[in-house]
């Protein structure tokens, strides 16, 4: 709810705008100037002439899932590039980085043929091979988690369909799957917990798993296993599926590997445990794409017009997705919001002091690869690893090296805003412990309170493309969003489809993002930043 003082300022701004003079008000929240006339125009363009659903629909219904390196991802790269150029953005380009093999599938059928006939719900895991033709084999459940278990199973698995996990009891879900924040949950987010020591996870265990995965894939191929089946981590027939093998050019893809709905996986497990003779027929058509080992980020911008034009304010979302659904909430929604913010600002013919750059990342699902490459290319680098144990880990799990070595672009990049927590509307922003920036954000949000965007927390949040920026000392931020169905139905599942996207939420988010970008680009001074991180003592 706007305060009485702010309402007076806002009404005065409307009167001034009638005489075509842009008011810049000082909000009650702080001494931060806010251009209320521009906020009004952004709202008008974004709420009454939105094209955000056109963008989302093309990415989901027309192009479909966009696994990094796949033909669909290449199509999405080119389509977003063409659309941003069509809207008048400048310096549009694709920036490539080394990725590995692409992969796609176009057919899957999994059917229990004994002790009775039943179709089963399953999807292939990315970067595993297909079956050249339908393959039928007896089903066994074997634990293959270390070298001793591999030796125990050696010589017993040829032609078998192997269940790789324990059966899983369904969760007791009493809470509704759809979630919107209320005052209590937003208050919990604002409360700042004292950080714990350590990274919060065991790097040595990740190293062991990474090394063992290659050994396991070699074992499965040598033994002639027909296929492996893993249990989905979600219930109610929802298949949550990601990758089953590495995408690198030297990675061993292993054997055909699938993720199965928990209820059907449990059925097979029970029948095997009851010593029934169980057979399953599997047919997967999958292709590796090896003609281009690079992945690409889509980049375009609205150039800065003032003396600060070399400075850059950025917004981004990841264009890639997993392969079983349409990649709608993760993250065509974010791409549509970022592109719509670009369209709004371009439609208003803004002439920002600083350049506003838009980035649609690739390889996010494999470890923030696109945004990390951008940071290493334009902003800052770290020394190369030399330790063999660290090099055995996937790059995103390696210990950071020191010192951070800023490039010329480090000082030029003044802020990065990310959208990647489903399709829910923006309720506020994580300020990443940046107290000075938090005060600025409170002012920017004040004329957006009636759109439910009013919360600033100093808490950090991870796992999105703002992290590579933040880790080298460039202000990088992720918005607080309503979760909706994201962690109940759609995140990395075959239900990540257009049906679970809310039009009004995307429209609201694009307005908030456009307003943030405009004000970050027009401030007298760059957004306050934290010191460059230093090696812990």
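The values are calculated or read from the model by the stated rules, or taken from the named source; none is laboratory data. Since the model is a prediction, treat every value here as computed from it, not as a measurement. Ideal geometry is used to build each Cβ from the backbone, glycine not excepted, and the neighbour counts take in all protein chains shown.
Descriptive notes on the structure:
- Qualifying residue in segment 500-516 (condition: within 20 Å of residue 240 (Cβ to Cβ) and in the same structural domain as residue 370 (by TED's automatic domain parsing)): yes
- For residue 12: the one exception among (1) at pLDDT below 55; (2) crowded, with 16+ Cβ neighbours inside 10 Å; (3) touching a strand residue (DSSP E or B) at 6+ places or on another chain (Cβ under 9 Å): (2)
Each row is one residue, and each column tells you yes or no for (1) more than 23 Å from residue 413 (Cβ to Cβ); (2) touching a helix residue (DSSP H, G or I) at 6+ places or on another chain (Cβ under 9 Å); (3) crowded, with 24+ Cβ neighbours inside 10 Å.
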| site | (1), (2), (3) |
| --- | --- |
| 342 | no, yes, yes |
| 345 | no, yes, yes |
| 348 | yes, yes, no |
| 355 | no, yes, no |
| 360 | no, yes, yes |
| 376 | no, yes, no |
| 381 | no, yes, no |
| 385 | yes, yes, no |
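- Members of segment 229-242 that are under 22 Å from the mean Cα position of the chain (by Cα) and surrounded by 18 or more Cβ atoms within 10 Å (Cβ to Cβ): 232, 234, 238, 239, 240, 241
- Residue check, residue 225 buried (at least 20 other Cβ atoms within 10 Å of the Cβ), in contact with a helix residue (DSSP H, G or I) (Cβ under 9 Å, 6 or more places away or on another chain) and either at pLDDT 95 or above or more than 20 Å from residue 111 (Cβ to Cβ) (or both): yes
- Residue count, segment 245-262 (criterion: crowded, with 23+ Cβ neighbours inside 10 Å and within 19 Å of the chain's Cα centre (by Cα)): 1
- Whichever residue in segment 495-515 is part of a loop (DSSP other than H, G, I, E, B) and in contact with a helix residue (DSSP H, G or I) (Cβ under 8 Å, 6 or more places away or on another chain) and, among such residues, is nearest to residue 185 (Cα to Cα): 501
- Per-region count, segment 165-208, residues farther than 30 Å from residue 458 by Cα, surrounded by 15 or more Cβ atoms within 10 Å (Cβ to Cβ) and at pLDDT below 80: 1
- Checking segment 423-438 against the condition returns a match, with at least one residue being surrounded by fewer than 20 Cβ atoms within 10 Å (Cβ to Cβ) and either in contact with a strand residue (DSSP E or B) (Cβ under 8 Å, 6 or more places away or on another chain) or not assigned by TED's automatic domain parsing to the domain that holds residue 331 (or both).
- Residue in segment 402-413 that is buried (at least 24 other Cβ atoms within 10 Å of the Cβ) and within 27 Å of residue 91 (Cβ to Cβ) present: yes
- Residue 71 passes every criterion in (1) over 30 Å from residue 249 (Cα atoms); (2) at pLDDT 95 or above; (3) more than 19 Å from the chain's Cα centre (by Cα) apart from (1).
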